[in-house]
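Visitor: Take a look at this one; I'll ask things after.
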Number of protein chains: 2
Amino acid sequence: MTTPIPVYLDCDTGIDDTVALAYLLASPAVEVVGIGTVSGNTTAAQAARNTLDLLHLAGHDGIPVALGAHDHLDHPYGGGAAWVHGENGIGDVEVPHSPAEVDTRSAAELLIDLSHRYAGRLHVLTIGPMTNIAHALEQDPTLPSRVAEVTAMGGAALAPGNISPASEANVHNDPQAAAALIEADWDVTLVPLDVTLEHTLSEEQRGMLLADDRPFVRAVGEILDHYFDFYVTTYGRRTCALHDPLAAVIAAGGVSPARAPRVPVVVDTSWGPGRGQTIADLRGQRVAARDHEGVRTRVVLEVDAPIGAHLVETILAR
Amino acid sequence: MTTPIPVYLDCDTGIDDTVALAYLLASPAVEVVGIGTVSGNTTAAQAARNTLDLLHLAGHDGIPVALGAHDHLDHPYGGGAAWVHGENGIGDVEVPHSPAEVDTRSAAELLIDLSHRYAGRLHVLTIGPMTNIAHALEQDPTLPSRVAEVTAMGGAALAPGNISPASEANVHNDPQAAAALIEADWDVTLVPLDVTLEHTLSEEQRGMLLADDRPFVRAVGEILDHYFDFYVTTYGRRTCALHDPLAAVIAAGGVSPARAPRVPVVVDTSWGPGRGQTIADLRGQRVAARDHEGVRTRVVLEVDAPIGAHLVETILAR
C-alpha cells in the first residue's frame with residue numbers, strides 16, 4: 001500500500017463540496033490534513049460551520065478547519081448561491097452541531113503551516129473561490145516550492161460559463177485570486193465546467209447513499225436532494241453535476257485526465273463582459289493534443305471514465 | 001424560378017473572400033448588386049483592386065466596387081495577414097489588371113444607396129471586419145429597416161479563436177463595429193469559427209477548379225494554393241477552412257443552419273485579454289436548442305451538410 005497523499009482542502013461547503021469531502025474522507029489514496037473555508041456558495045463562516053458539523057458526523061473531528069476569507073481580493077462577498085445550495089449551503093439539511101470550533105489560524109496560515117509539515121508532498125485541492133490561496137501566496141511567496149501539486153475546480157475553457165455566459169462561479173467570484181493561483185510556479189490541474197458537467201449522479205446512486213446505516217453518508221444523500229432539484233433545468237431530469245467531486249477524484253487519482261493539454265490560461269480580471277473567464281489557448285489542438293513549452297497548468301477537457309459509480313462506491317466502502 | 005436575392009457584399013479580398021465571390025457570382029440564388037471593401041486580410045485599397053481584377057476576369061465588370069474604411073473604429077489598420085493570404089491578399093497570384101476603377105461612393109454610401117433601391121429585399125453579407133457596416137449604420141440609422149437580412153462571417157462562440165485564444169480575426173479587427181452590427185435592429189446570422197472550421201476543400205476539389213477552361217475559375221484554384229499551405233498546421237494536411245464561403249453559401253440558401261440558436265451576443269470591445277470575443281450566451285442549451293425571446297441574432301453552430309462539393313459544383317456549373 002502506498003502512503004496516502006496529504007491534502008489541504010480549500011472549500012465553500014456547499015453541496016458538491018460535501019460530496020467531495022465525503023469522497024476524500026473515504027478514499028484510501030488521500031489523507032485530508034487540513035481544511036480552509038472561503039466565501040462562495042455560502043459565507044466562509046457558514047462553510048466552516050458546515051464543514052465542522054459534517055466532519056463530526058463522519059467521526060473526523062481531528063482534522064483542523066480554518067476560517068478563510070469572507071471577502072474577495074477586489075470586491076466584497078456577493079451573497080452566495082442559496083438557489084443552488086440552499087440557505088445554509090448544504091441543501092437546508094440540519095446536521096447535528098459539532099462541539100468543535102475553527103482553528104486559531106486563518107486558512108492561509110494553516111495552508112502555509114501544512115506546506116512545511118508535508119513539504120514536497122502536500123497536494124492543494126481548491127473547490128471554491130481561490131482567495132485563501134492568493135492570500136497564502138502573498139504571505140509566503142515560497143509556498144509553491146513546498147507543494148507537490150494543485151488541483152482546482154474552476155473555470156470554463158470552451159464550455160459556456162454558469163454564473164455568466166463565459167465564466168464559472170469559483171473563478172468569477174475572485175478572478176484576481178484565480179490569476180494568482182495560475183501564475184504561481186507550481187503544477188496546476190484546472191478542472192473546468194467543460195469536464196465537470198459531463199459527470200452526474202443518478203437518483204439510484206443517491207438512493208444508495210440514503211440507504212446506508214451511517215448518519216453521515218445518509219446526510220450526504222439528503223443534502224443532494226436540493227441540488228438534484230436545481231439541475232432539472234440543466235439536464236432535464238433530477239440529477240446533478242459533479243463539479244467539486246470530479247476535482248477530488250482527480251486529485252486522489254481515482255480517474256485520470258485523458259485530454260488535459262498544458263496551455264497558457266489567462267484569467268479576465270476586468271469588469272467587462274468577459275470578467276472571470278479562464279481564457280485557455282486551445283488553438284492548434286485539432287490534429288493532436290499539444291502541450292506548450294514551459295507551461296505548468298493543464299486544463300482537463302476529458303477524463304478516462306465516468307466517475308459517478310466510483311464516487312458512490314468509495315463513499316459506501318468501509 | 002425565384003428571383004435572385006440582391007446581395008451587398010462587404011469583403012477584404014482575401015483568399016477565402018475570392019472563393020466566396022466566385023460562388024456568389026455563379027449561384028443562381030443570388031445577384032451581387034454591389035461590393036464594398038474594408039481593410040482586414042489586406043488593405044481596403046488592395047482588396048478593392050483584387051475585387052475589380054477578379055470581377056473583370058469573371059466577366060462581371062458591371063458590379064460596382066466601392067472603397068471602404070482603411071482604418072477601424074478605435075484603431076488604425078493593423079497590417080493584414082500576409083502569412084495567410086499572401087502579400088497581395090490573393091495568394092501572390094497575378095490576376096490581369098482590370099481597367100475598371102472603384103465607385104465614386106464610399107462602401108457605406110453604396111450600401112445605403114442599395115438599401116433604397118432594393119428596399120426590404122437587400123441581403124447584407126459581410127466577410128471582413130464590419131467597419132463599413134458600422135459607418136453606414138451611423139450615417140443612416142434607418143438602414144436596418146430596409147435590409148432583409150444580414151449574414152456575417154465572424155466570431156468564435158465556443159471554439160477557440162484564431163487571431164487570439166478567444167477571438168476571431170474579423171471581429172478582433174474591429175470589435176466596436178461588430179458590436180454595432182449585432183446591436184442594430186435587423187436579423188443577423190453570425191457564422192463563427194465553430195462552424196466554418198468544420199468545412200474544408202480537398203486537393204481534388206482544388207484540382208477541379210484548376211482544370212477548368214475559364215481563366216477566372218483557374219485563378220481561384222491557383223489563389224487557393226497559398227491558403228492550402230497555411231492550413232497544414234491546423235489540419236495536418238493541405239486543405240483549407242471555408243470561412244467566408246460558408247457565410248456565402250448560407251446567405252444563398254445553399255445550406256441550412258441545423259443548430260443556430262438566437263442568443264444574446266456581446267462583443268468584448270475592451271483592450272483586455274478577451275478583446276474581440278463574441279460572448280454568446282449558450283448556457284442552458286444542453287437539453288434542447290433554445291431561442292431567447294426578442295433576440296434577432298442567431299449563432300450558427302452546425303449546418304446540415306458539408307459544403308465543399310456544393311461550392312465547387314456551383315462554381316464549375318455553367
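Visitor: Test of understanding: among B:Thr196, B:Thr239, B:Thr234, which residue is β-branched (Val, Ile, Thr), surrounded by 24 or more Cβ atoms within 10 Å (Cβ to Cβ) and modelled with pLDDT of 95 or more?
Guide: Within the list B:Thr196, B:Thr239, B:Thr234, the selection yields B:Thr196.
Visitor: Considering only the stretch A:294-309, state which residues are part of a helix (DSSP H, G or I) and crowded, with 17+ Cβ neighbours inside 10 Å.
Guide: Within the stretch A:294-309, just A:Gly308 meets the criteria.
Visitor: Another question, if that's okay. Does A:Val299 qualify as being at pLDDT 95 or above, under 26 Å from A:Gln176 (Cα atoms) and either under 17 Å from the mean Cα position of the chain (by Cα) or polar (S, T, N, Q) (or both)?
Guide: Considered against the rule, which asks whether it is at pLDDT 95 or above, under 26 Å from A:Gln176 (Cα atoms) and either under 17 Å from the mean Cα position of the chain (by Cα) or polar (S, T, N, Q) (or both), A:Val299 comes out as yes.
Visitor: Look through A:Leu55, A:Leu73 and report the one residue that is at negative phi, in a helix (DSSP H, G or I) and of a type in the set (A, V, I, L, M, F, W, C).
Guide: Every option except A:Leu55 fails the conditions.
Visitor: If you go through the stretch A:116-138, how many residues are assigned to a helix (DSSP H, G or I) and farther than 17 Å from A:Gly154 by Cα?
Guide: Going through the stretch A:116-138 one residue at a time, the tally reaches 6.
Visitor: What residue, of A:Val188, A:Val255, A:Val263, A:Val217, is away from chain B (no Cβ under 14 Å), of a type outside the set (Lys, Arg), crowded, with 20+ Cβ neighbours inside 10 Å and farther than 24 Å from A:Asn50 by Cα?
Guide: A:Val188 is the lone residue from the list that is away from chain B (no Cβ under 14 Å), of a type outside the set (Lys, Arg), crowded, with 20+ Cβ neighbours inside 10 Å and farther than 24 Å from A:Asn50 by Cα.
Visitor: Right, next: Looking at the stretch A:278-293, which of the residues that are in contact with a strand residue (DSSP E or B) (Cβ under 7 Å, 6 or more places away or on another chain) and within 12 Å of chain B (Cβ to nearest Cβ) is surrounded by the fewest Cβ atoms within 10 Å (Cβ to Cβ)?
Guide: Among those residues, the one meeting the criterion is A:His292.
Visitor: Moving on. B:Val287 - would you say it is among the β-branched types (Val, Ile, Thr), touching a Phe, Trp or Tyr at 6+ places or on another chain (Cβ under 9 Å) and modelled with pLDDT under 95?
Guide: Taking the combined requirement at face value, the residue satisfies it.
Visitor: For the stretch A:199-214, how many residues meet the condition of being part of a helix (DSSP H, G or I) and surrounded by fewer than 19 Cβ atoms within 10 Å (Cβ to Cβ)?
Guide: Residues in the stretch A:199-214 being part of a helix (DSSP H, G or I) and surrounded by fewer than 19 Cβ atoms within 10 Å (Cβ to Cβ): 5 in total.
The values are calculated or read from the model by the stated rules, or taken from the named source; none is laboratory data. What you see is a predicted model; the values in this text were computed from it and never measured. Glycine gets a Cβ as well: all are built from the backbone with ideal geometry, and neighbour counts include every protein chain shown.
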